[in-house]
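Structure first, then comments.
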Amino acid sequence: MKRERIRVTGRDGVARAMRVVVKVGSSSISGDNAVQIAPLVDALSAAHGRGVEVVLVSSGAIATGLPYLQLDSRPTDLPTQQAAAAVGQNVLIYRYQDSLDRFGIVAGQVLLTAADLESPTHRTNAQRAMERLLGLRILPIVNENDTVATHEIRFGDNDRLASLVAELVQADLLVLLSDVDALYTRPPSEPGAVRIEHVPFDDDLHDVVIGEVGTGLGTGGATTKVAAARYAADAGIAVILTSTPQADAALTGQVVGTFFDANPVV
Ligand code: GLU
């Protein structure tokens, strides 16, 4: 049962999107930036209130778990990463639910592995569960199931997970939120970097120099964001890449961040 997608062609189409996947990165919502959870939830709840079906893909399990394990940086060994994720995922969901309570919205936790999306049975189960959650007006919060994901089998990063989830639920729009407000022609810290407002579908971005490697808290960076944006755009889903404080502006169709046109023929 494939959902009939609403085509978001350009910024002025954003307000018509009725199913939106929003992805937020670890450094935006953990540590000192945990205060950004409330304004992010404000933006998601406002969209929910407009009748939009919202799915949040949130990283941050490992980063949120660190202080509980007396760690001050992301561990390099897998079992400690998994332990941190097990502790942090719980705290993270609690923080989201606590914030969503202000709007009477209930969250549903969905933890997936790459193998789940490749296995036809698991994929169909995940799809059905997501449909039902959205039908019940629950706000699904998705993360990788870190305690069973190993280096070899992981999604790689949650940007990729978000693009796969957007495809899974046949979203109208994918919003990728991070600490950087847009895609630039070169790393924004470098002189001469110019903000890119719009990426037409046939633009291969060959002039863009991507050097950013992320914050050390999560695993993503501009490279994984552009790859995820391209994947979703190829699948017919428009994408906005912007910073977490701009979530509401992005979801209401204001001209923020970088807008990637979707494949017009999918
Ligand atoms: N699943 C990991 C976590 O929640 C993050 C993966 C990523 O940063 O892309 O901590």
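A few remarks follow.
- Taking the inverse of the mean reciprocal distance over all distinct Cα pairs, the Kirkwood hydrodynamic radius of the stretch 5-62 comes to 12.5 Å.
- The alpha carbons of the stretch 29-96 occupy a box of 43, 21, 17 Å along the principal axes, longest dimension given first.
- Counting only the Cα atoms, the chain fills a convex hull of 120 Å³ per residue.
- Estimated inter-spin distance, LEU136 and ARG102, nm [label 7 Å along Cα→Cβ]: 2.5 nm
- Fully extending the segment from GLN109 to LEU71, taken as 0.36 nm per residue of separation minus the present Cα-Cα distance, adds 11.2 nm.
- Taking HIS151, HIS198, HIS48 and counting other C-beta atoms within 10 Å, the order from fewest to most: HIS151, HIS198, HIS48
- Between ILE37, ILE196, ILE138, the Gaussian network model of the chain with springs among Cα atoms under 10 angstrom shows the greatest mean-square fluctuation at ILE196.
- Fraction of antiparallel bridges per DSSP, the chain only, in percent to nearest 5: 15 percent
- Normalised convex hull volume, the stretch 1-127, alpha-carbon set, Å³ per residue: 143 Å³
Where a number appears in this text, it was derived from the coordinates with a stated rule and is not lab data. Computed from a prediction, not measured in an experiment: that's the story for all the values here. Here Cβ is always computed from backbone atoms with ideal geometry, including for glycine, and neighbour counts include all displayed protein chains.
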